[in-house]
Each structure stands twice: as structure tokens, then as C-alpha cells.
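S.K.: Below is the structure I would like to discuss, written out as C-alpha cells.
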Amino acid sequence: MSDALLTFLLRLADDHLILGHRLSEWCGHAPMLEEDLAMPNMALDLIGQARALYQYAAEIEGKGRSEDDLAYLRRERDYVNCLMVERPNGDFGHTMLRQLYFAAFMEPFWTMASTSRDETLAGIAAKAVKETAYHIRHAGEWVVRLGDGTEESRRRMEAAIDALAPYVDELFEGDAVSAEMTKAGIAPEPASLRAEFDRTVGAIFAEARLTFAPAAYAQTGGRQGRHGEAMGFILADLQHMQRTYPGATW
Amino acid sequence: MSDALLTFLLRLADDHLILGHRLSEWCGHAPMLEEDLAMPNMALDLIGQARALYQYAAEIEGKGRSEDDLAYLRRERDYVNCLMVERPNGDFGHTMLRQLYFAAFMEPFWTMASTSRDETLAGIAAKAVKETAYHIRHAGEWVVRLGDGTEESRRRMEAAIDALAPYVDELFEGDAVSAEMTKAGIAPEPASLRAEFDRTVGAIFAEARLTFAPAAYAQTGGRQGRHGEAMGFILADLQHMQRTYPGATW
Amino acid sequence: EAFLAAFQARIDAEDKIEPNDPMPEGYRKTLVRQIGQHAHSEIVGMLPEGNWITRAPSLRRKAALLAKVQDEGGHGLYLYSAAETLGVSREQMTEELLSGKAKYSSIFNYPTLTWADIGAIGWLVDGAAIMNQIPLCRCSYGPYARAMIRVCKEESFHQRQGYEIMMTLANGTAEQKDMAQDALDRWWWPSLMMFGPHDSDSQHGDRSMKWKIKRFTNDELRQKFVDATVPQGEFLGLTFPDPELKWNEERGHYDFGPIDWDEFWRVVKGGGTMNRERIAARRKAWDDGKWVREAALAHAEKRRARREATKLAAE
Amino acid sequence: EAFLAAFQARIDAEDKIEPNDPMPEGYRKTLVRQIGQHAHSEIVGMLPEGNWITRAPSLRRKAALLAKVQDEGGHGLYLYSAAETLGVSREQMTEELLSGKAKYSSIFNYPTLTWADIGAIGWLVDGAAIMNQIPLCRCSYGPYARAMIRVCKEESFHQRQGYEIMMTLANGTAEQKDMAQDALDRWWWPSLMMFGPHDSDSQHGDRSMKWKIKRFTNDELRQKFVDATVPQGEFLGLTFPDPELKWNEERGHYDFGPIDWDEFWRVVKGGGTMNRERIAARRKAWDDGKWVREAALAHAEKRRARREATKLAAE
């Protein structure tokens, strides 16, 4: 049980860490000043959630590792985030669509988890659910503006939908770990969140006059640590300081 | 003396390592298949020269460090390459111009060093001088083609000249270390190579119908380990494996 | 004449000048230049620190750095708004920044080479900024003064955070201590340069003082900064890269060595390590974002048109 | 009819067919497809390995990897030249690759996740390639056979180098051994798939055999590969991810488990982890390089015109 809980928490924490990392790459490079604020703001929410999850995971593991040990000192094959969060940022529309997808998945997740039998998780969820609702709103508004904006912005949003489509299904993937969490009343089964996700994204796409086209082949493997080639370069930067100065306090 | 020789060798070795790293980023992404061969070919020459230099530096240092310890396990502030070699690749023309500049500096350097009183250096130089002549030829031909090609290629070459101009003077910078090398008959004083550099580049620019415009302000600092912000990201990738698996043999 | 005298009387009476009040053109221009420069500094200032977000050495520091960079964007926003009250648009100011016409604080043309630079920027650069900015909270122009009150609060938080990073390094391993010392060595003199040329060489000083845009001269502020900062550095056990730095009992201030004004002007005029790259990064963000801004406008227009069509149909 | 019979007689006599010889359209087409596919595989094959050049863990390995990637580009070049003798230009083949019309070896759609993958690719992927290619050195089409002789020499060097990387890891730390095992786990089955569908499902097999373009069937080559490779892996102390893999004394071969052909077809049809990115990377290189190729042409043209003008003036 605690093995499954640990894996479950690491998956969730890694999702948030890596997506926060990607968003933070935008700092100072956004299309307008308001977004130069919004990007680190959302990244900050994600890193905050990651910290809470790693701290709890470290506690569950009980081996004296810290949040930073878990975030910085694992091997690439041990990171278990879904593939969507590690995708390169692409253009602003692509980043906003990725954000919408992730938030639209997390929002019902956190809502359910806020009544989890696991009180620590419930506490994390209660805070996260509000932040996630803001991410949906913010990213969703952009998807609408860009989908129903100019010819170019529409073309770019369609390209983003196409590029991210293979990574949507993995969010809803279940396995023995998720089954155990569900059974124990800790967290919802990912597949059970699909309807809500489809409603959220569907409403926004309708307003944006965009259509979701599922990918011919879904990509998977992140939960088993099989990443894309972009992941290694994320980790080279992320881990650089911790690897270079082992044992130092910052 | 051996301190100065060590510093001298590390500067030279770091130049070659970092420029080799930059060139290698092109692998598989060049504008035509011939260049997909030429890029790793030149990178290979540079890495080969770097290895010889690090090996010799390690010997001079006499602390039991290996070529890999020197190449991979120093801190950013301890790398003493010139700033030009760490500049981001830019477009193909920018990369070729950078290559021409560096090779046009190294060619008279290696020629003089091949009669160095230091026999190890003379041996390295004798091999390198031929490789460097090829780099001048290859990069120079491209500078001519692109300078005297289309409107666009000319515009791009002019932009490259402009962008790299601040980094030219540093190549010829002298200090106590270079003075000691000169005095000992080990290596030429960098400033003494300027005339030959100007001749080489001048002839190629004339054929390319390009004009060199010196920068209003030259950049310097690399020889003291004061790099640009790009350097840290080079090292994050370069050092990733060695930092992650300390002490392992590959 | 009479107008100028009346205006000066308001200033002397510590009245706040508000956007719709009449004001001399020189006053308006000085403010536009200064607020714009200040806003641009916040915006460009996101870049050197942003450079370390993906490599921040702990999650706690990463979160703090994200929050800091976000605050800087926020300061830029207040300041652009303050400048807009003087009739100059954000687009206009942005174009002036990107074309090189408008200046920003030259300190951001130095690169952040190590993590300790993040500490040093917070401690020294934000420290110097606060020294400059606290008197601006009492600036005669109301919107600017009010913006500065908010900015100063956050800046002093940043300054403490930066100092705490330095403290952690100074109490850390030998390598960390080296890193802290190296950062102090590189950032100390540029921080002193942040206060601008000596009073004797300052272009805009006198008029700004008279109009109570400024309340202290460059040299006064620089001295205050040195006096406040040196004991902090000594407490860290670090050495300032200035052999002439020492307490002058008589003056009741620290004496310090001569500033390299050649370096200052070189960096101001474009010769710093990062000048080109800072502007290039902002220009790229602006150019790459063009389609986004256009789409936002087009969408707003479509919405408006649709709303009107609906209203018309309903009538 | 008579022509076909005469052609077949030449083939049967082990005559080499040369570019200007008459040949059936089907023979030409088969060769163009196969050589093109092979050339594209070399080109796309630079990417997964290129991914580790900047992160290679030692200078020696970095140099070897650079040399290897360069060799692959070289193989691409010989092969495009061989295909050009059949009247199809490199531009045309490139366009077919980028448009997705032409195939390349599907194995390159798997990502290189760790340094051990560089070892595994050398050992297994190049190993499988050599199995396929050695008989091609005796291919009935002369230019292809000659290109393959050069290619095979270099490939077997690469294969030994890859095996040596695996050996170093297998003899290394526990983490390195894990890394080697993990790479074998991920690359083993895709390597077996490199030989293509079972003979019973193979589209082009029979005709290619008759024309001596191929000399062994897919299943024969696959078996040879398994027989050669399993002892190598056992020597490394690694475990193959196939519980049914075992020596069959009677057959004198290793038996192995069923191949997941669904996965094979999924990856062939675009569903692999890297399909999109491989083509996108090559397309970006091609598009970004357009101005370079255009400039080279324009410059050559200018030179020619100038030469002629000089000649004219001299007359």
C-alpha cells in the first residue's frame, strides 16, 4: 500500500514539477507583460503543489529523503510524469493548450481528492483546486481568443491541437497503482475524470470554434519512466546545481 | 612556470572543447548532407585537439587528474575559453564565420607552435595545423558563397559579422601567462598573430565582397572565467553524466 | 512665468501633482523619461534572474525566484501605468526600449554567472534600488509616488531574500563561500554605479531636485548605500573588492575608492556583456508575440461585433 | 518476355547489373525504394545518436560518437549516389522522406533515453543492420553492392564499438549495469522487428530474392541475428527480455518468443514515440537550410558568369 501511495505521489509531483519547469522557461519572454506575470504565477502554483507532494512522498517513503532529494536526485528513468508535461513549449498557443489540458484534468482530480480519506492529500487538494480553476480560466480564455482570433492564430491553435493530441489519453491511464488508490478511497481513478475533462475542454473549444481530433496513436510510457528525448535536457538543467555540489544546503 | 603552462594549456583546450561542443549541436541538422558530414568532422578535429591538450595539461598539473576530469569536472568560473567559442550557433552563416575566425587565429598559432621548445606541444601542433587549414578552407568557402550569394545570404553574413565582431579582439589578448609562454619559446604571443589573421580573413572577405567592421566595444573576460550566460547551459549538458555518476568509468 | 512660479509653489508646499493638473513640459518630460527608464529596468531585470529559474538549486529557492521575477513584471506594469497617466502609451515605451532609444538600468547588462549572483542581485542591486526608490515614495508626482510605495515594499522583501541567499552561501561549503565572494567581487562596483554619475557630472540632477522628483543627489544616495551595505557584507565574512574602503570616523561615513566611470559609460553605451542579448531577448519576445496580440485584438473586435448584432436583433 | 528471360539469365549467372544496362522497370523500382529507404535510415539514424553527443560521458566516447554519426551521414551519401544511378535525384528522395511518402527504418522512432542506448544501438541495431547488409554486398545491382561493401566495413566497426560500450557498463557500477539491462530490455524486440514481417507476410520478398537483390528471407536473417547476439548478451551477464528465448539443440538455433507485430505496425505507421519529431527535425534542417542552398547555387552561377565574361573580354 505505501509503495503504491509513494508511486502515486511521485507521479503527481513529477507532473507538477516538470510542467512548472516548462512554464518557467517563458519568464521574461512572453508575448505581453500581463503574460510575463501570468506564466511565473502559474509555474509558482505548480512548483508549490509539487513541493507539497514531494514532502508528503518523502514522509511516506520514510528514508529520510527531502523534497529536494526527490525532485532533483533521481535518474531520468525514475521520473514518472506523463509525457504531456515534458513536451517542449512550442508557441504561446501550444503552451496555453497544454496548460488547459493539464488543468482540465487536474481540476476534477483535485475536487475529488479534496474529500480523500488521506487527509494530507485532501489538504493539498483543497488548496490546489482553486489554483487549478484559475489555470483553466486563464488558459481557456487564451484558447478562445486564439482559436477565434485571426487566420494565423487559428492555424496555430489547430497545429497545437494536432501536436498535443497523442498525449491526452495518457492522462487517463489506469494501472495497479491507480486501482489501489481508488480502492483505498485516496484518489479518483483517472479514467473516471474523462467525462468532466471532455466537458471542460469541449465548452472552451466550442467557444473557440475549434474541434478536437483524437490522435491516430496515443503516446504512453511516462508513468513507467519512458520519456521523450526532451526530458534528458530538462533534467540536465534542473539537476545541474544539485549534481555539481552534492550535499550542499542552499 | 608550470602554473602558467597549465593555464595556457587549459585555455587552449577549453577553446577546442567548447567550440567542438557548439559544432556538434549541428549534427543531423545541417542545411545539406555534405554539411551533416563536415560539421561532426570539424567537431571531431576540435575534440581530438582538446583531448591531446587536456592530457598534456593533466600531466603538467601532476595531480592525477585525467583528461575527463579536466574537461568535465571544473566549475564554470574555472573554464577559461575565449567568449567567441561559446557563442550560440546562430544560423549556418554565423557558425561558419565563427569557425573561420577561430581557425584563422589558430592556423598561425599552430604553425608557430609546431616549432615550440615544448616538444609535446609541437607534436600536437604539427597534427592540428593541417586540420586547421582544412577548417579555414571549408568555412572560408562558405563565407565566400554566402557573402556573394543571394541578397538574403549577404544580409545574414553581414549580421553575423556584426554579431561576432565584439569577440574577435579577445583572441589576440595577451597577459602574464602568454608573456611567459612567449619568453620560454613555448607559444607565440597572441597579438603577433593578428596580421596573419587579418590577411586570411581579409582575402576571404574580399572574395566574398564583405567588409569587416570592428565592434565599438570588444568583449573580454573568458580567459578569467567570466563567461556569457550561454556557457552555463553548455556545461549543464556537457557535465550531466559525469556529475550524475561520479567516479564511474565509461 | 506666473504658471511656473505657481507650479513651483505647489511643489514647495509638498502638494502632489496629479495627471490632470497643469504641469510644465519639462516636468512631464523628465517624469516620462524617468518612469519609463524605471519600468524598462524592471522588465529587462527579469532576464538575468530568469536565467537561473530552471537551475535554481532547491525547490524553495526556485519558488522564491519565480515569485520575485513575477513581482518585477508587476512593478513594470504599475510603472507603465504611471507613465500612461502622462500621456505616453505602453506600446510607445516598448518601442523605445527595443529600438535602444530608451535606457534601462545598466546593471542588467552584466551576466548572472553563478547561483550566488541571484543572492548578490537581491542584496546589492535591489538594495541600491531601494535606496533610490524610498525617497521616490514622496515624489511630487502622485501616481509615481503611489506606485513606488507598492514597489518599495516588495523590493525590501527581495533584498532580504537576496541577503539570506548570501548568508546561506557564506555559511556553506568552501565552494559556496567562494561563489558568494566571487559574486560580491563582480557586483559591488556595478551596484555603486547604479546611482549614476557624480553630482558634478549629473545631467538632470538640479531640476529634478527643485521639482522634488528627486530628493537626494546621486552621491548622497550612493554614500547611504555604502554605509548600509558594508556592515552587512562584513557580517557575512566577505571582503569588498575595494582596498580603499574603510570607516571614516570624522565624516561618520565609509570612504571608498574611485569608481571606474569608463566602465560605466562603456556599459551604458552598449558595451556590456549582455546589452545586445537583453534587447534581443525582449525584441524576440515582442516579435514572436505579435500574432498573439493581434489575435487578442481581433477576437475582442469579433466579440464586440457579435454583441452588437445580438442587440440589434433583439431590438 | 525475351528481355526478362535474358535479364534473369544474367542475374542467375551472378553478373552485376550496371546503371546503363537495360533492366525491368520492377527491378529498378524495387531498388530505388530499397536504396532510398536505406539511405533515409542512415540520415534519420543520425538523430537518436546525435541526441547524446553533447552529453557523452567521456571525451573518448564523444569523439567516437561524432565519428560514428559522421559515418552515417557518409553512408547516406553513398547510398543516395547509388540511387541516383537509377535516375532519381537526391532532392526528390529528400522530399519523399520529408513528406512521409518514403519510409526509413522504424527503429529510429524509438528515443535514446540513456547513454546505454548508444551502446545498445551500436550492438543491436548496427548488428541487425549488418546481418541485413552483408548479403547486399553481393546484390545483383553493382553500384548498390559496391556501396554496401564500404558501409559494411564501417558498420561492423560501429557494432564492436557499441558492444564495447555495453561491456564497460556491464562491468561498471550497479547503476551502469542497470542502465545496460534497461537498454537491452527496450531495444531487443525493436531490433528483431528490423528484419521486417515474417516471410509469410512479406510483400516484396519473393521477387527481390529472384532478382538477387535479397539473398536471404527476413526470418532467416532474424534467426542468424538471434543466434549471433544471444551469446554476446549472455557474455555481458545481461538478460534478454524474452522468457521463451532458449537454445534448441535439435534445430541448432535459438528459439524465441512471438514478436508484437501490432507494435511494429503502429510504429511503422507513425505511432512511435519519435516519428513526428524525427521528420520534424529533418524538415526543419531542410527548411532552415534553404537560404544556404540557394546562396550556393546563386554563387556558382555568378562565378560561371564572371568566368565567361572574363573569357569573352580576353578574346
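S.K.: Using helices alone, what [θ] at 222 nm do you get for chain B, with -39,500 (n - 2.57) per DSSP H run of 4 or more residues, divided over all residues and rounded to the nearest 500?
M.R.: For chain B, the value works out to -22000 deg cm²/dmol.
S.K.: Where is the GNM fluctuation largest for chain A (alpha-carbon springs, 10 angstrom cutoff): A:A187, A:A163, A:A128?
M.R.: Result for chain A, Cα springs under 10 Å: A:A163 fluctuates most.
S.K.: Also, I was wondering about something else. Using only protein heavy atoms and a 1.4 angstrom probe, determine the accessible area buried between B and A, summed over both sides, in Å² to the nearest 100.
M.R.: 800 Å²
S.K.: The stretch D:181-224 to the stretch D:268-315: how many Å between their Cα centroids?
M.R.: Centre-to-centre (Cα) distance: 36 Å.
S.K.: If you don't mind, another one. Which distances in nm, rounded to one decimal and ordered from shortest, link the label point of C:P241 to the equivalent label points in the other identical copies, with labels set 7 Å from Cα toward Cβ?
M.R.: 5.3
S.K.: Could you check which residue among A:A43, A:A113, A:A179 shows the biggest mean-square fluctuation in a GNM of chain A with a 10 Å Cα cutoff?
M.R.: Maximum fluctuation in the GNM of chain A, among the listed residues, is at A:A179.
S.K.: Distances in nm, one decimal, shortest first, from D:K29 to the same residue in every other copy, taking the label point 7 angstrom along Cα→Cβ.
M.R.: 7.9
S.K.: When only Cα pairs under 8 Å and 6 or more residues apart are kept, what is the percent relative contact order across chain D?
M.R.: This gives 18 percent for chain D.
S.K.: When the helices in chain D are scored as -39500 (n - 2.57) per DSSP H run of 4 or longer and the sum is shared across all residues, what 222 nm value do you end up with, to the nearest 500 deg cm²/dmol?
M.R.: -21500 deg cm²/dmol
S.K.: Let me ask something else. Under 18 Å Cα-Cα from C:K269, which lysines qualify once same-chain neighbours fewer than 8 residues away are excluded?
M.R.: Cα-Cα hits under 18 Å: C:K101, C:K103.
S.K.: Excluding residues on the same chain fewer than 8 positions from D:K246, give the aspartates and glutamates whose Cα lies under 14 Å from its Cα.
M.R.: Filter leaves D:D227, D:E234, D:D255.
S.K.: Next up: Can you tell me the orientation of helix D:218-236 relative to chain D, as the angle in degrees between its alpha-carbon axis and the longest Cα principal axis, to the nearest 10?
M.R.: Taking the Cα atoms of chain D, the angle to D:218-236 is about 60 degrees.
S.K.: Which residues does the label zone of A:D3 cover in the stretch A:118-138, counting backbone N under 11 Å from a point 7 Å along Cα→Cβ?
M.R.: It comes to no residues whatsoever.
S.K.: Give me the one-decimal nm value for the distance between modelled label points at C:T173 and D:S200, 7 Å along each residue's Cα-to-Cβ direction.
M.R.: About 6.1 nm separates the two model spin labels.
S.K.: Moving to a separate point now. Label point 7 Å out from C:K153 along Cα-to-Cβ: which residues of the stretch C:48-84 have amide N under 14 Å?
M.R.: Hits in the stretch C:48-84 for C:K153 at 14 Å: C:75.
S.K.: Right, another one. In the full protein assembly as shown, how much of C:Y78 is accessible to a 1.4 Å probe, in Å² to the nearest 10?
M.R.: Using a 1.4 Å probe on the heavy atoms, I get roughly 50 Å².
S.K.: Next question. Consider a paramagnetic label point 7 Å from the Cα of A:K127 along Cα→Cβ; state which residues of the stretch A:42-85 have an amide N under 12 Å from it.
M.R.: A:45-56
S.K.: Would you please give the FRET efficiency between B:R209 and B:T249, computed as 1/(1 + (r/R0)^6) with r the Cβ-Cβ distance and R0 = 35 Å, to the nearest 0.05?
M.R.: So, using R0 = 35 Å, E works out to roughly 0.10.
S.K.: Working out 0.36 nm times the residue gap between D:R293 and D:Q92, then minus their Cα-Cα distance, what length gain in nm do you get to one decimal?
M.R.: 70.9 nm
S.K.: Could you name every residue in the stretch A:222-250 that has 40 Å² or more less accessible surface in the full protein assembly than in its own chain alone (probe 1.4 Å, ligands and nucleic acids excluded)?
M.R.: Correct list: A:E229, A:F233, A:A236, A:D237, A:H240, A:M241, A:R243, A:T244, A:Y245, A:W250.
S.K.: How high is the relative contact order of the stretch A:2-244, in percent, counting Cα pairs under 8 Å that sit 6 or more residues apart?
M.R.: Dividing the mean separation by the residue count of the stretch A:2-244 yields 25 percent.
S.K.: For peptide C:31-43, compute the average count of partner chain beta-carbon atoms within 10 Å of each residue's beta-carbon.
M.R.: Average per residue, whole number: 0.
S.K.: Further question: Given labels modelled 7 Å from the Cα in the Cβ direction, how far is it in nm from C:E25 to B:T220?
M.R.: Placing both labels 7 Å along Cα→Cβ, they lie 4.6 nm apart.
S.K.: Quick one: compute a quarter of the convex hull surface over the Cα atoms of the protein assembly as shown and quote it in nm².
M.R.: Result: 59.1 nm².
S.K.: Right, next: Quick check: convex hull of the Cα atoms in the stretch A:2-244, volume per residue, rounded to a whole Å³?
M.R.: Given the Cα convex hull of the stretch A:2-244, per-residue volume reads 115 Å³.
S.K.: Right, here's the next one. What spacing in nm lies between the two simple spin-label points modelled at C:A13 and C:E244, each 7 Å away from Cα in the Cβ direction?
M.R.: The answer from the label model is 4.6 nm.
S.K.: Further question: Which residue, B:M112, B:M84, B:M32, has the most motion in a Gaussian network model of chain B that connects Cα atoms within less than 10 Å?
M.R.: Evaluated over chain B, the most mobile residue of the options is B:M32.
S.K.: A follow-up question, please. Shielding of A:181-189 by partners, i.e. mean partner chain Cβ atoms within 10 Å per residue?
M.R.: The mean count of partner-chain Cβ atoms within 10 Å per residue comes to 0.
S.K.: Here's another thing I want to ask about it. Interface C/A, total buried accessible area with a 1.4 Å probe, nearest 100 Å²?
M.R.: Summing both sides, the interface buries roughly 4100 Å².
S.K.: Report, in listed order, any pair from A:K127/C:K68; C:K68/D:K62; D:K284/D:K311 with a Cα-Cα distance greater than 32 Å.
M.R.: In this structure, C:K68/D:K62; D:K284/D:K311 exceed 32 Å between Cα atoms.
S.K.: Give the accessible surface of chain D per residue, rounded to a whole number of Å², with probe radius 1.4 Å and ligands, DNA and RNA excluded.
M.R.: 43 Å²
S.K.: Over the C-alpha atoms of the stretch B:157-250, what are the Rg and the largest Cα-to-Cα span, Dmax, in Å?
M.R.: 18.1, 52
S.K.: Considering only protein heavy atoms and a probe of 1.4 Å, how much of the accessible area of the protein assembly as shown is carbon and sulfur, as a whole percent?
M.R.: 54 percent
S.K.: Also: Give me the percent relative contact order of the stretch C:33-155, please, defined on Cα pairs under 8 angstrom at least 6 residues apart.
M.R.: Computed value for the stretch C:33-155: 31 percent relative contact order.
S.K.: Accessible area per residue for the stretch A:2-244 in Å², computed with a 1.4 Å probe and the full protein assembly in place, what is it?
M.R.: Heavy-atom SASA per residue in the stretch A:2-244 reads 33 Å².
S.K.: Determine which aspartates and glutamates satisfy two conditions relative to D:K29: a Cα distance under 14 Å, and not lying fewer than 8 residues away in the same chain.
M.R.: D:K29 reaches D:E84.
The values are calculated or read from the model by the stated rules, or taken from the named source; none is laboratory data. Every value quoted in this text rests on a predicted model; they were computed, and no experiment measured them. For neighbour counting, all protein chains shown are included, and Cβ atoms are generated from backbone atoms with ideal geometry for every residue, glycine included. Accessible surface is based on the protein model in full, side chains and every heavy atom, while ligands, DNA and RNA are left aside. Shrake-Rupley method; radii C 1.70, N 1.55, O 1.52, S 1.80 Å.
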